Structures are given as structure tokens and as C-alpha cells.
Amino acid sequence: MISKIISGPELPIKMYDFPLVSTSQGIMAVGGWDDTNGRNKDEILQLKCQDVQEPNKCKWEEFPKKLDVARNAHVVIPLPASYEICNN
């Protein structure tokens, strides 16, 4: 069987060196280098889709939480909520 590659939505800015991670909240682009503004990013982008079968209906939205430290070329390891390791 031959798979067909379908492009998703473009990122809102030109950026690179960011990890894409699959979480219980969906697909996230975490931090990275913002080539549009020439800086490390602390923002997290979340891929939101009306219908996963129609990628043209997906868009990137800024997630409400941010990284404590802006960074690029890093690794993200998602942990389930049951790993409540931070006490705030």
C-alpha cells in the first residue's frame, strides 16, 4: 500500500529547531528558534483540527502555558498527568 503525504497548516511564523510532541492535549510545537523575530521562543503552539480527516481545516494556536525559559534545539518528553512531580 502506498501512503499519501498530506501537508498540514503552515506555522504562523518562520521557525525551526523545535520538537513536535504528541500529548493527551494533541500535537504541540514547543519553543524553538523564531526566525521571523530572531529569538528563542517560550511559546507552545497546539495543532487544532475541526476534522482530522481534513488537514486543511487544522490551524496552529498558541497554548495558554509558556516555557519558563525560551529555548531551541531541545528535547521534550511528555509525562502523563499521573506523574504529578511538581508541587505548586
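A few remarks follow.
- Output for the range 30-44, where each listed residue is touching a Gly at 6+ places or on another chain (Cβ under 9 Å) and hydrophobic (A, V, I, L, M, F, W, C): ILE44
- A Cβ distance below 8 Å, combined with a sequence gap of six or more or placement on separate chains, defines the contacts here; from the range 71-83, residues that are under 17 Å from ILE27 (Cα atoms) reach residues that are in a loop (DSSP other than H, G, I, E, B) and open to solvent by less than 80 Å² (accessible area, probe 1.4 Å) in the pairs HIS74/PRO19; HIS74/GLY31; VAL75/PRO19; VAL76/PRO19.
- The strands (runs of 3 or more DSSP E) falling completely within the range 1-54 that include 2 or more residues that are open to solvent by less than 70 Å² (accessible area, probe 1.4 Å) and modelled with pLDDT of 95 or more map to 26-30, 44-49.
- SER24 meets the conditions (1) within 15 Å of GLY8 (Cβ to Cβ); (2) polar (S, T, N, Q); (3) more than 10 Å from the chain's Cα centre (by Cα) in every case but one. The failed one is (1).
- The range 59-73, residues that are surrounded by 12 or more Cβ atoms within 10 Å (Cβ to Cβ) and over 13 Å from the mean Cα position of the chain (by Cα): ALA70, ARG71, ALA73
The values are calculated or read from the model by the stated rules, or taken from the named source; none is laboratory data. Just so we're clear, the structure is a prediction, and the values are computed from it rather than from any experiment. All Cβ positions, glycine included, derive from the backbone under ideal geometry; neighbour counts span all protein chains shown. These accessible areas exclude ligands, DNA and RNA; they are computed on the full protein's heavy atoms, side chains included. Shrake-Rupley method; radii C 1.70, N 1.55, O 1.52, S 1.80 Å.
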